[in-house]
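**Q** A single structure is presented below for examination.
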Amino acid sequence: SSLTNHKILSPLDEKLSRLLSFLTQHSDEKVIIFFLTCACVEYYSTVLQHLKLPCKGYAYEALHGKLVQKRREHAMERFRE
């Protein structure tokens, strides 16, 4: 396996559409998305969980520093599966 980094900077009003486009283009890969704040992580995690994307098998987990350690570990375990 290999690791590829992508960086996408976008205005707020385009962020969700660009994120969805990126996820659709990389639907057969594992993806970690970084956001600037814990609140952004929670927001986009919630939005992605409620949208019906054409990407089969995606599981969305919020992972940030304000979560209890057990929940962070669970998110990383699921990513490694």
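**Q** Does S27 count as open to solvent by less than 100 Å² (accessible area, probe 1.4 Å) and in contact (Cβ under 8 Å) with a residue 24 or more places away in the chain?
**A** On the way: open to solvent by less than 100 Å² (accessible area, probe 1.4 Å): yes; in contact (Cβ under 8 Å) with a residue 24 or more places away in the chain: yes.
When the stated conditions are applied, S27 passes them.
**Q** Let me ask you something else. When you look at D13, is it loosely packed, with under 13 Cβ neighbours inside 10 Å, within 22 Å of E81 (Cα to Cα) and acidic (D, E), yes or no?
**A** On the way: loosely packed, with under 13 Cβ neighbours inside 10 Å: yes; within 22 Å of E81 (Cα to Cα): no; acidic (D, E): yes.
Against the criterion (loosely packed, with under 13 Cβ neighbours inside 10 Å, within 22 Å of E81 (Cα to Cα) and acidic (D, E)), D13 does not qualify.
The values are calculated or read from the model by the stated rules, or taken from the named source; none is laboratory data. A quick note: this is a predicted structure, and the numbers were derived from the prediction, not measured. A quick note on method: Cβ atoms are made from the backbone with ideal geometry, for glycine too, and the neighbour counts reach across all protein chains shown. We work out accessible area using only protein heavy atoms, side chains counted, and drop any ligands, DNA or RNA first. Shrake-Rupley method; radii C 1.70, N 1.55, O 1.52, S 1.80 Å.
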